[in-house]
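Below is one structure; the comments refer to it alone.
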Amino acid sequence: MKKLLLFAAAALMAACQTTPKMEVEVANPTDVARNDETVEVCWKQLGEKIAVTPETVVVYNAEGEQIPSQVIYAGGEEPKKLIFQATIEGGETALYTIAAGERAEYEQQAFGRQVPERYDDYAWENNLCAYRLYGPALETSPEKLITPGIDVWVKCTEKLVIDEWYAKGDYHHNYGDGMDCYKVGKTLGGGASVPMVEGKFWPMEHNYATARTLDNGPIRTSVELTYVAWDVNGVAVSLVKTITLDANQRFNRMENVYTGEFETLPIAAGFVRHDVKATAEGEEWLAMVEAVSDSKQPEVDGDIYQAVVLPGAEMHADLLGHSLAVVDVKSGEKMTYYSASGWSQGGVENMEDWTETIAEQVAAVTTPLTVTIK
């Protein structure tokens with residue numbers, strides 16, 4: 001009996017020692033606090049350390065609490081990354097453990113889908129903000145609108161609203177959680193990009209042709225949109241646009257690949273100017289606050305904040321009726337920038353508050369969190 005007990009204890013100890021787990025140290029190299037910033041771990045590298053599957057992988061914080069995580073497929077069949085979010089003060093580090101376990105039911109905080117019931121809109125959101133792009137069916141609708149512009153939906157709730165608002169069909173009215181009070185028209189709207197040659201825009205001749213959702217929550221939603229080739233000053237140019245939005249973040253990551261028979265092409269990314277109240281800018285960014293632009297009572301419906309971050313670009317606070325970051329790109333080269341919006345009734349108090357949010361994003365872009373697998 002004593003031998004059996006010793007054997008059982010040894011087996012239990014061995015099992016505990018071989019429980020698959022991996023420690024990840026995340027460091028903030030800046031003096032700016034990084035709040036709910038997404039951390040990425042390569043799935044292949046993870047698989048080399050511990051035996052987990054997308055169904056069993058779990059992330060724990062330093063207190064041993066399970067935190068939300070998501071396996072990223074990027075539109076493929078095999079896992080590419082594991083992501084989770086970290087909040088780290090300036091100059092500090094945090095330790096996380098990845099192990100095999102039972103995944104909890106995480107709250108969906110990011111979501112996107114094509115909306116065939118509304119002329120093929122593509123809408124996406126997280127717990128802070130929401131957007132949409134216009135699809136091919138809109139071209140032959142009564143509106144007959146062709147535009148590269150991104151529509152901004154403001155909200156003052158952390159719940160996801162896309163499905164509810166479309167089902168209600170009355171999203172231009174604020175029922176207490178937000179509304180669509182932003183005018184796009186044939187502009188860049190809130191954060192799109194187009195070629196800008198010889199002092200003018202060369203917008204797409206059609207709305208997006210295809211939309212493919214790559215990942216869809218609980219932390220990240222992303223979509224790949226394609227545009228058929230159109231004429232840009234005598235050159236046929238096509239575009240593949242990938243938009244990524246993470247939970248708890250106001251900035252979209254915009255990856256645009258322009259392709260055609262050109263060596264370099266100037267691309268302008270930014271937002272249209274309406275009733276502008278104030279602007280601000282830095283070396284890597286532009287920002288603005290304006291009265292809501294599609295409202296019968298703007299004094300009641302508040303103000304919309306906009307921002308674009310694009311290091312290395314030429315900044316124009318007021319050009320062609322827009323605020324623009326302009327950069328030359330090569331054919332087939334990925335152009336990455338970041339665009340964001342906020343609402344005075346949905347968590348953005350003033351321009352100082354908004355520029356602090358932008359400073360966090362600039363730090364994330366220029367000096368990413370460092371991730372060390374221990």
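The values are calculated or read from the model by the stated rules, or taken from the named source; none is laboratory data. The structure displayed is predicted, hence computed values, not measured ones. Ideal geometry is used to build each Cβ from the backbone, glycine not excepted, and the neighbour counts take in all protein chains shown. Protein only, heavy atoms only, side chains kept; ligands, DNA and RNA dropped before computing areas. Shrake-Rupley method; radii C 1.70, N 1.55, O 1.52, S 1.80 Å.
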### Task
Keeping all protein chains in place, calculate the accessible area per residue for region 62-109 (probe 1.4 angstrom), answer in Å².
56 Å²
### Task
Find how much the distance from V228 to A100 grows on full extension, using 0.36 nm per residue of separation minus their present alpha carbon separation; answer in nm with one decimal.
41.7 nm
#### Entry: Largest-first principal axis extents of the Cα set of region 166-271 (Å)
48, 28, 23
### Query
How many Å² of accessible area per residue for region 255-374, probe 1.4 Å?
44 Å²
## Note on the structure
The FRET efficiency for T93 and V235, from their Cβ-Cβ distance with R0 = 45 Å and rounded to 0.05, is 0.35
## Note on the structure
Hull volume per residue for region 75-232, using the convex hull of the C-alpha atoms, in Å³ is 189 Å³
#### Entry: Positive dipole terminus of the chain, leading residue within P311, L225, W43 (C-beta point charges)
W43
### Summary
Label model pair E255, K159: point-to-point distance (7 angstrom along the Cα→beta-carbon line) in nm is 3.4 nm
### Counted charge near V57, where neighbours are those whose Cβ lies closer than 12 Å (Asp, Glu -1; Lys, Arg +1)
+2
### Query
If you roll a 1.4 Å probe over the chain with all protein chains in place, what percent of the accessible area is carbon or sulfur?
50 percent
### Task
Could you tell me, in Å, what Rg and Dmax come out for the Cα atoms of region 192-240?
13.8, 44
### Summary
GluC sites (Glu not before Pro) in region 62-140 lying in a DSSP loop, each with at most 10 other Cβ atoms within 10 Å of its Cβ, come to E63, E65, E77, E102, E105
#### Entry: Contour excess over end-to-end distance, with Cα ends at E356 and T213 and 0.36 nm allotted per residue
48.4 nm
### Message
What is the angle, in °, between the Cα long axis of helix 351-366 and the longest principal axis of the Cα atoms in the chain? Nearest 10 is fine, range 0 to 90.
### Response
60 degrees
## Note on the structure
Per residue, the convex hull enclosing the Cα atoms of the chain spans a volume in Å³ of 162 Å³
### Message
Past the 18 angstrom mark, what percentage of all C-alpha to C-alpha distances in region 157-223 do you count?
### Response
62 percent
### Task
Could you check the simple spin-label distance between A62 and Q297, using points 7 Å along Cα→Cβ, in nm with one decimal?
4.9 nm
### Query
Taking K and R as +1 and D and E as -1, what net charge do the other residues with C-beta under 13 Å from the C-beta of A130 add up to?
-3
### Query
Pick from T187, T264, T244: which is most flexible by mean-square fluctuation in a GNM of the chain where alpha carbon atoms under 10 Å apart are linked?
T264
### Message
Mean-square fluctuation check for the chain, GNM, Cα pairs under 10 Å: which of Q45, Q70, Q114 is largest?
### Response
Q45
#### Entry: the chain - charge dipole about Cα centre, Lys and Arg +1 at Cβ, Asp and Glu -1, debye rounded to 20
1240 debye
### Message
Can you give me the convex hull volume of the Cα atoms of region 262-338, divided per residue and expressed in Å³?
### Response
95 Å³
### Query
Pick from A99, A192, A167: which residue has the top mean-square fluctuation in a GNM of the chain where Cα pairs under 10 Å get a spring?
A167
### Query
When Lys and Arg each count +1 and Asp and Glu each count -1, what net charge do the other residues less than 11 Å away from S193, Cβ to Cβ, add up to?
0
